[in-house]
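Nothing in this text is a laboratory measurement; each read-out follows from the coordinates by a stated rule. All values reported here derive from a predicted model rather than from experimental measurement. Every residue, glycine as well, gets a Cβ built from its backbone with ideal geometry; the counts of neighbours run over all protein chains shown.
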């Protein structure tokens, strides 16, 4: 019976480990000011969308991805990380139920081969597992190596999502929309598609300063900002964007219930920004509790996440109590 | 995503799931299905555990669904309120439907292999097929083989499947277990219909190696059992079910009806008096000797003490049907209530004239008077059933026929009389079955209204003792009790507890709340409380869990339909009733001949002569009737009374 690659490296001399770093969930984001150009208005304004007739597409596909990882062994002080990324598209039809339309997953080993002993390297190579190499400068200190591994895994997840999203676009019906959890601008195909929407929950990147920033971050519930175009960063494509407040932030924090929407950079997007916003407002229901991010997490995206988590191989996640010292028996 | 089934193999409908809080055990498991599924409470499912290597499927477990749950991923109801902003109408407008689950609980019916008994494997769940149902209910042990003993009780219907369910005759009619109890609310015709159907099934499927079988049914209310020989209306679904169960949809071929007379002694006390049918009804009339053995039934235990008991025993042992010297010079042969009354009169007169004492043969005169009063009263209270004078007309003890239903209609008889009929009939059955000379090897006794005859509380009665006796010992004799009641919880525990097979129709919610039903899940109770007509829950020794079955309407005319189609005839005048009874025995008899014979005769004499003809069944009924009636005695002419002259002639003068 074939052993897993983890068993193989342990047999090859790796010191077994079972360590899920605290920050293994969630994603990193840019935390810098990038700037934006006004599209709908020169200066950022707010629009009430609560009374706007929402766009009501008959069929909508929702795309999201997950990543799971843990340190499964050490070669010296170099961590060997087992990572798992998966993405899925769940389609919602007229019956309002979500069903899986496409999914993909990948298991990877993340480490720096050069830092491992020869038997370990051979064992990893022989196992056939996809290997993501850490840069030399990242593996000097174990803590830094783990952070680097996390970034590698996130990149793998984004690539998985992007690939699945682009594949899904090809199968999208004439009136069907694709809602992506995250930015569209990483993909040329997604950002150019007229019926793709990106819904971003994290707000590391800031596009405004001063009064416009205040206007954006103190947006009342059921309102959106003017459509703007974030300034290009690196390989990111031209995209139109706006902020939308799903729930009142007063009594919570500035980002409570605040999402940023990305859509195709086109005049049509500007024309229907309110209708799209009204649609997303409707997506507040049902609540995606008990997820802590429920104020910004659309239920359908939450559903995709739940689906993916339920499909995660059980041994990727360390069982509770697994860090207790082994008994002699 | 649900994987399509491989061609030719059934698609699983669910999967067993187990958590620490809801583990799979050897007796219970949980499984989920798609939201839209064909199964429900009572459905039988099969779990196939994963096999090892190439050895095919592993452990196979059969279960019956006992509970169902549906829930969504909603963390708390408050979140639904928040999402809908407090407006229930908006809740329906959510663009996405929450993830839901249909989670089912099933009780294990059978595991294969049976040993070692292990928790249910976390495998795929399938709808049970015909063969699976047979396996699950262990019917394979008695439906097939050299001497099959399966008695169809109905069809298990679920997920589009209709599989016959069989009871084991050895456990329904003895000797392994026996007796059947059926509970259900009144008015849905389920209890009586189920018994009628089951009797038909028994008659058709009773195994030949077990001998002959008959049924004795007490009709205790309305016309329920008065038309068992008449075809009832069946629809195509009923016929299909009969065919599936292998039962011929026809009324009972042999039914014998018995009913006592009304108080007039000539009109039958039954609703089966339509001219086309009344000819089949035999009178049920008992005299002193039939009654005295069961005097205990008729006499109130509170006012009959040991002394009275002793005197009654004395009468039975020493007096009845014997030449008996009363000690005062008189000789008596007591055969009737009238004879007994003559004896009592002789004793009282003798004691009074001799002035000896208040004692007669160690019995105090007060005891004798008490017994006399009670016994004399019997023929009044049960007039029509108990005759003062004359011979009896009884069930055919010793001549019971195979596959024959004997219906004793006591629906309109005084409750005391019903008790007497029941006690005597059952005692006679037991007596003959013990001697193996009844004519059949097994008899099903059907008693409705068990709440009344064997209540859980109240005074000890003869009938209840008798029912207990049948319940506990009848199976060894072939005396099988089929009993029905509305409230099982109010029937004596040992009577229902000894019933090997139990059927439940639609149940009253209050009844289901009683402790006897705590073993049932809330879902099963709900199903029982809403069970449609024609559906039953069955418990049988071979079934480890209750099973729901559907049975076709009985192929006999329902009582209320029978009364409409064959309305009971009005009571005939005495003369006409006598004519009809004689004409039934001998078609040559002309009404006028009978009327001439009985003109100006005492009705009691006519009744006695008629009973003699009925009992003897002579070739020439009229001649025999004439002989029994005796010669007409011309009324004696009273001597003319001489006028007695007044002592003082009336004078013209007033003073």
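A few comments on the model shown:
- Nearest-0.05 FRET efficiency for residue B:76 and residue A:250, computed from C-beta distance (R0 35 Å): 0.95
- Approximate spin-label separation residue B:328-residue A:311, in nm, with each point projected 7 Å along Cα-to-Cβ: 10.7 nm
- MRE, 222 nm, helices only [DSSP H, n ≥ 4, -39500 (n - 2.57), over chain B, to nearest 500]: -9500 deg cm²/dmol
- Debye-formula intensities of the stretch A:133-238, expressed as log10 I(q)/I(0) at q = 0.19, 0.20 Å⁻¹, are -1.07, -1.11 (one equal scatterer per alpha-carbon, no solvent).
- Averaging the Cα positions of each part gives two centres, and for the stretch B:35-104 and the stretch B:439-487 these lie 45 Å apart.
- Length gained on full extension, residue B:414 to residue B:518, computed as 0.36 nm times the residue gap minus the Cα-Cα distance: 33.7 nm.
- Protection proxy ranking for B:29-42, B:487-500, A:180-193, using the average of other Cβ atoms within 10 Å per residue and placing the highest first: A:180-193, B:487-500, B:29-42.
- Peptide packing: for B:112-120, B:235-243, the average count of neighbouring Cβ atoms within 10 Å per residue gives the ranking B:235-243, B:112-120, highest mean first.
- Peptide packing for B:553-565, B:361-373, A:71-83 was compared via the average number of neighbouring C-beta atoms within 10 Å per residue; ordered from the highest value, the list is A:71-83, B:553-565, B:361-373.
- Here the simple spin-label model places points 7 Å from the Cα toward Cβ, and for residue B:620 and residue B:468 these points are separated by 5.7 nm.
- Legend: mean number of C-beta atoms from other chains within 10 angstrom of residue C-beta atoms, peptide B:65-76, equals 2.
- Extended-chain gain in nm, criterion 0.36 nm per residue less alpha-carbon gap, residue B:186 and residue B:38: 50.2 nm
- As an equivalent ellipsoid, the stretch A:50-131 spans semi-axes of 44, 13, 8 angstrom, where each value is the square root of five times an eigenvalue of the C-alpha gyration tensor, largest first.
- Ranked A:259, A:15, criterion: other C-beta atoms within 10 Å, fewest first: A:15, A:259
- Note on A:279-286: average number of Cβ atoms from other chains within 10 Å of each residue's Cβ is 5.
- Hypothetical label at residue B:280: residues of the stretch B:555-571 whose amide nitrogen lies under 17 Å (7 Å Cα-Cβ projection): B:555-569
- Pairwise centroid distance, computed over Cα atoms, of the stretch A:190-225 with the stretch B:246-302, Å: 93 Å
- Debye equation applied to the C-alpha atoms of the protein assembly as shown, log10 I(q)/I(0) at 0.05 Å⁻¹: -0.56
- Viscosity 1.002 mPa s, temperature 20 °C, Stokes-Einstein D of the stretch B:400-439 from Kirkwood C-alpha radius, µm²/s: 189 µm²/s
- Using only alpha carbons, the stretch B:293-381 has a radius of gyration to Kirkwood radius ratio (Rg to Rh) of 0.94.
- On the beta carbon distance between residue B:306 and residue B:254, with R0 = 51 Å, the FRET formula returns roughly 0.65.
- Within 10 Å of the Cβ of each residue in B:90-102, the mean number of Cβ atoms contributed by other protein chains is 6.
- Radius of gyration (Cα atoms) of the stretch B:572-629, expressed as a multiple of 2.2 N^0.38 Å: 0.96.
- Pairwise alpha-carbon distances in chain A exceed 29 Å for 44% of all pairs.
- Given R0 = 51 Å, the distance between the Cβ atoms of residue B:354 and residue B:509 translates into a calculated FRET efficiency of 0.15.
- Net length gained if the chain between residue B:529 and residue B:574 were fully extended (0.36 nm per residue, minus Cα distance): 11.2 nm
- Estimated from helices alone, the mean residue ellipticity of chain A at 222 nm is -8000 deg cm²/dmol (sum of -39500 (n - 2.57) over DSSP H runs with n ≥ 4, per residue).
- Ratio of the Cα radius of gyration of chain B to 2.2 N^0.38 Å, where N counts its residues: 1.29
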